[in-house]
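Structure first, then comments.
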Amino acid sequence: MANSGGGAVCNGKLPNHKKQSDSSQNGNCTKNGIVKEAQQNGKPHFYDKPIVESFEEAPLHVMVFTYMGYGIGTLFGYLRDFLRNWGIEKCNAAVEREEQKDFVPLYQNFENFYTRNLYMRIRDNWNRPICSAPGPLFDVMERVSDDYNWTFRFTGRIIKDVINMGSYNFLGLAAKYDESMKTVKDVLEEYGVGVASTRHEMGTLNKHEDLEDLVAKFLNVEAAMVFGMGFATNSMNIPALVGKGCLILSDELNHASLVLGARLSGATIRIFKHNNMQSLEKLLRDAIIYGQPRTRRAWKKILILVEGVYSMEGSIVHLPQIVALKKKYKAYLYIDEAHSIGSVGPTGRGVVEFFGMDPGDVDVFMGTFTKSFGASGGYIAGRKVREGLLVSI
Ligand SMILES: Cc1ncc(COP(=O)(O)O)c(C=O)c1O
């Protein structure tokens, strides 16, 4: 049984490609001509080499010093908390008011331990206001703290041409103030900067619908929905797809928004090793064989959660094998293309195009406008109705 999927389980090789590529030539994929267009641009959009991955390990001495620093910071934190408790050191953090001591506490003292004692020491490194376009170099506003980073004040000086290590700009769109910015300005003048209502009430503009149509067309799928925040696109939509009695199989390196969405859904979560098809197949087989714990009933749905390109490692999802496995075990596939959309594939249409596959093989596409597109927000896209999976786009 383990090997009946043929090449599907062999990690790192892509033996099933040709077949999947062939299927992309018909049906949905060529319906609106987009993939044809992609094929005609002279570059093969079909990746047929084995994926070789290597991940850099942190050197031992770096790990030792990091943990030592963390340990020393924690010890000093306990010492300072002790001094604060006894009123020897002033406490700037939020604390329960004396007269409300009988109420259920609003703050868990220990939850704030890290913020109070470790983050506060180095807080000046984060959230630095900038005052230029976020290109590879940008300008930051100088600020100083008079109370050991609890508050900051601006000096009025601008630090020019600092290396930007804090934001994405994959295609350079975030830094270009050209024609595209004029379009943005015109639209803002016509529509304003917000809709002051939810999409369900009165918050849908024709621009939202235009954007949704454009995303669907770009991805070569039937429909798309857009949301104002990439993180929330994951964390709020996964609970709409799965719940109690469902199983989520999640790559161990998935982004926090996927992890939060999975946890909020109430589904059972099992983690497979990063991009490891043997590990995924074992979980799928066990899920089919054993069903739900205790009752042994079959899982209502099995949802595989992966990313297109993993941001911290730069590794790419082994899509052909995952699609083969999901078909073999009748699971659903949700793929977060935050880092692959716009940047991977001959025309930037993401991992499906990179591997020359059929967009119909993926049940739910998710992506953000924050990375390649230099904007904000996210989308969910796919078929209008996906049998068995609650998706009504
Ligand atoms: C894989 C992945 N998904 C989702 C998000 C959330 O996107 P946003 O920053 O647009 O909220 C990120 C953000 O970095 C991400 O890396």
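In the context of the full set of protein chains, residues of the chain present 58 Å² of accessible surface per residue (probe radius 1.4 Å, heavy atoms only). For the chain, the residue among A298, M68, G230 whose Cα projects farthest onto the positive side of the dipole built from Cβ charges is A298.
Extension gain, D147-H61: 0.36 nm per intervening residue step, less the Cα-Cα distance, totals 27.6 nm. Under a 10 Å cutoff between Cα atoms, tell me which one of S343, S279, S250 has the largest fluctuation in the Gaussian network model of the chain. Ranking S343, S279, S250 by mean-square fluctuation puts S279 first.
For the chain, modelled as a GNM whose springs connect Cα atoms under 10 angstrom apart, the maximal fluctuation among I289, I302, I316 occurs at I289. Only aspartates and glutamates eight or more places from K182 in sequence, or on another chain, were considered; those with a Cα closer than 14 Å are E190. For the chain, modelled as a GNM whose springs connect Cα atoms under 10 angstrom apart, the maximal fluctuation among K300, K328, K207 occurs at K207. Toward the positive end of the charge dipole of the stretch 257-393, with +1 on the Cβ of Lys and Arg and -1 on the Cβ of Asp and Glu, the farthest Cα among V323, V364, S265 is that of S265. Charge dipole of the stretch 108-162 (Cα centre as origin; +1 on each Lys and Arg Cβ, -1 on each Asp and Glu Cβ, all else neutral): 20 debye, rounded to the nearest 20.
Magnitude of the Cβ-charge dipole of the chain, K/R +1 and D/E -1, about the Cα centre, nearest 20 debye?
On the way: 46 positive and 43 negative charges, 266 e Å.
Dipole of the chain, to the nearest 20 debye: 1280 debye.
Measuring between alpha carbons in the structure, the pairs from K207/K384; K207/K327; K244/K282; K90/K160 lying more than 26 angstrom apart are K207/K327; K90/K160.
Helical runs (DSSP H, four residues minimum) scored at -39500 (n - 2.57) apiece and divided by the length of the chain put the mean residue ellipticity at 222 nm at -9500 deg cm²/dmol. With point charges of +1 on the Cβ of Lys and Arg and -1 on the Cβ of Asp and Glu, referenced to the Cα centre of the stretch 47-171, which listed residue (M120, Y78, M141) lies farthest in the positive direction of the dipole? Most positive-ward Cα: M141.
The phi torsions of the stretch 324-332, fed into the Karplus equation with coefficients 6.51, -1.76 and 1.60 and a -60° offset, translate into couplings of 4, 5, 5, 6, 4, 9, 6, 9, 9 Hz, rounded to whole numbers, with Gly and Pro shown as x. Taking all Cα pairs closer than 8 Å and separated by 6 or more residues, the relative contact order of the stretch 62-206 comes to 14 percent. Taking the Cα centre of the stretch 255-327 as reference, the dipole from Cβ charges on Lys and Arg (+1) and Asp and Glu (-1) amounts to some 520 debye. Peptides 152-158, 379-385, ordered by how many other C-beta atoms sit within 10 Å of their residues on average, highest first, read 379-385, 152-158. Here the Karplus relation 6.51 cos²θ - 1.76 cosθ + 1.60, evaluated at θ = phi - 60°, turns the backbone of the stretch 69-79 into coupling constants of x, 5, x, 5, x, 5, 4, 5, x, 4, 4 Hz, with x for every Gly and Pro. Relative contact order of the chain, taken over Cα pairs closer than 8 Å and 6 or more residues apart, is 21 percent.
The values are calculated or read from the model by the stated rules, or taken from the named source; none is laboratory data. Remember, it's a predicted structure, so these values are computed and weren't measured experimentally. Cβ sites come from the backbone with ideal geometry, for glycine too, and all protein chains shown count toward neighbours. SASA here: full protein model, heavy atoms, side chains in, ligands and nucleic acids out. Shrake-Rupley method; radii C 1.70, N 1.55, O 1.52, S 1.80 Å.
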